[in-house]
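The values are calculated or read from the model by the stated rules, or taken from the named source; none is laboratory data. Everything quoted here is computed from the prediction, not taken from an experiment. Heads up, the Cβs are rebuilt from the backbone with ideal geometry, glycines too, and the neighbour counts pull from every protein chain shown.
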Amino acid sequence: MTRALIIGGGIGGPVAAAALRRVGVDAVVYEAHPGPGDGLGAFLSLAPNGLAGLDTLGMLDPVLAASAFPSTHIELVNHRGRRLGLVGDGSDRLPGHLSDRLRTVTVNRDALQRALAETALDQRVPIEYSRRCTGYTEGPDGVVAEFADGSTAEGDVLIGADGLHSRVRGVMDPDAPRPDYTGVIGSGGHVPALDVEPTPPGTVRMVFGRRAFFGYQTTPQGGVFWFANLGHSELTREEIAARGDDEWKRTTLDAFAGDLPVITTILEAEAPARLRPLSSYDMAALPRWHRGRAGLLGDAAHAVSSSSGQGASLAIEDALVLARCLRDIPAVPEALAEYEAQRRDRVRRIVAEGRRRSNQKLGSDHPVALVFRDLMLRTVFAVISRFDGTSWIHGHRVDLDAPARAGSGPRA
Ligand SMILES: Cc1cc2nc3c(=O)[nH]c(=O)nc-3n(C[C@H](O)[C@H](O)[C@H](O)COP(=O)(O)OP(=O)(O)OC[C@H]3O[C@@H](n4cnc5c(N)ncnc54)[C@H](O)[C@@H]3O)c2cc1C
């Protein structure tokens, strides 16, 4: 197998192409946008499991150099600022040389996508921009991708890394279920300079407000990254846009009225356009992630709620497992089936965990309900900290050099 067509140059696409290149498969990435860094959202956190995958591929240092800063701990507080728990990512238990490299970081999304794309290019992975895939056809010996500009490309395997609303998924399985709405709309941003009390080093503070949920971390440069989640019925992008930025600013400020004052300070300092939210989705139960010579990866296969902080890291894990399977299993459909089989259970568990965290964020304005909520959350976070309850997520590693399955062995 010699040539892979990868649709989507967000996070999973360039990483998958680099992983395939590493195992001797030529891969070309086709991205709809005119360049890297048109991602949704201002920033994201990359967890130790995702960072370890990038390290395997020589992509970690450029990402860390892209102004990434540590976010190893989450401090959970109630609407008055009383601490409900402190949860670490477990990186402080890694051996010294790894605890500095594989600790959760926050990174500007555009800078992350640029760093991944540039590193992939350095590794001789071509990325073609302004190439929107509209469909594909499959024959006995290969697959042909079709693009909006009328062009085509031929390969042995086609991978849809084209995100939540994947076109490849729609062609592969027109009856595939659509993503599930999580009940939460979210906005987020970055205020480059703001005079607020700094959060403890390496710590994101997350506030269970009375009606909504807020997270923020001050940056070493004196700015603030923040996000807000509000319980709401599902809204399309058009419906959200129709309400106008000023109304969204009012809605968001109202949702946090009477909660920790720093929230209002941050929201008031942000550009109103940044308070325009997005509906948040997940998708666990896709019946199949592959058919014939086409497969799906990252959000196209299994979106997780942003509350999990794992979407990017799962896409990176997918990329490594996919490369290992295509390296060791000569028949493409069989390799894709093995890839799906190895990923499905872990992904299902993490999607469920993200959904659980999303539900916890939904507030209640009733004082008694708030007392019970705080009690319940204190207990939950105490158990998570005591029993290292996130290690199954953050401690996961994919060994690219291991055989894809017992007895398959890397091919020469
Ligand atoms: C607000 C928000 C906050 C988040 N926070 C976090 C976080 O803190 N940590 C975390 O790990 N995850 C987070 N996530 C989830 C994370 O962004 C995704 O899981 C991750 O981006 C998935 O990577 P991907 O490569 O599968 O898809 P994407 O990053 O969405 O990339 C898909 C790419 O495909 C391109 N594309 C789409 N259609 C086509 C087409 N037809 N032809 C060619 N190209 C196409 C798109 O332009 C895009 O570049 C968050 C998500 C949101 C919305």
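Brief remarks on what is shown
- Those residues of the range 143-169 which are near the ligand (Cβ under 8 Å from one of its atoms), of a type in the set (A, V, I, L, M) and buried (at least 19 other Cβ atoms within 10 Å of the Cβ), in sequence order: Ala161, Val168
- Residues within the range 167-182 that are in contact with a strand residue (DSSP E or B) (Cβ under 6 Å, 6 or more places away or on another chain), within 15 Å of Ala284 (Cβ to Cβ) and outside any strand (DSSP E or B), tallied: 2
- Selection over the range 174-205 of residues that are within 30 Å of Leu296 (Cβ to Cβ) and among the acidic types (Asp, Glu) gives a count of 2.
- Test for Ile350: is it modelled with pLDDT of 90 or more, within 29 Å of Phe227 (Cα to Cα), surrounded by 19 or more Cβ atoms within 10 Å (Cβ to Cβ) and of a type outside the set (Lys, Arg): yes
- Checked against the criterion of being closer than 30 Å to Phe208 by Cβ and of a type outside the set (Lys, Arg), the candidates Val125, Val105, Val63, Val144 yield just one match: Val105.
- The listed residues are Ala255, Ala176, Ala212, and the only one of them that is small (Gly, Ala, Ser) and free of Cβ contacts under 8 Å to residues at least 60 places away in the same chain turns out to be Ala255.
- Subset tally (residues that are in a strand (DSSP E or B) and closer than 16 Å to Phe43 by Cα) for the range 201-215: 6
- Single condition Ile263 does not satisfy, out of (1) within 28 Å of Arg178 (Cα to Cα); (2) surrounded by 14 or more Cβ atoms within 10 Å (Cβ to Cβ): (1)
- The helices (runs of 4 or more DSSP H) located wholly in the range 216-315 that include 2 or more residues which are closer than 30 Å to Pro48 by Cα, within 16 Å of the ligand (Cβ to nearest atom) and at pLDDT 95 or above occupy 299-302.
- The residues listed here are Thr236, Thr219; of these, the one that is farther than 24 Å from Pro179 by Cβ and β-branched (Val, Ile, Thr) is Thr219.
- Members of the range 197-213 that are more than 11 Å from the ligand (Cβ to nearest atom) and either within 22 Å of the chain's Cα centre (by Cα) or surrounded by 17 or more Cβ atoms within 10 Å (Cβ to Cβ) (or both): Thr199, Gly202, Thr203, Arg205, Met206, Val207, Phe208, Gly209, Arg210, Arg211, Ala212, Phe213
- Conditions (1) under 23 Å from Gly215 (Cβ atoms); (2) part of a loop (DSSP other than H, G, I, E, B); (3) over 18 Å from the mean Cα position of the chain (by Cα); (4) within 16 Å of the ligand (Cβ to nearest atom); number of the one not met by Arg80: (4)
- When we screen Val204, Val168 for residues that are under 24 Å from Ala255 (Cα atoms) and β-branched (Val, Ile, Thr), the only hit is Val204.
- Here Leu44, Leu64, Leu60 are screened, and the one residue that is hydrophobic (A, V, I, L, M, F, W, C) and within 30 Å of Ala257 (Cα to Cα) is Leu44.
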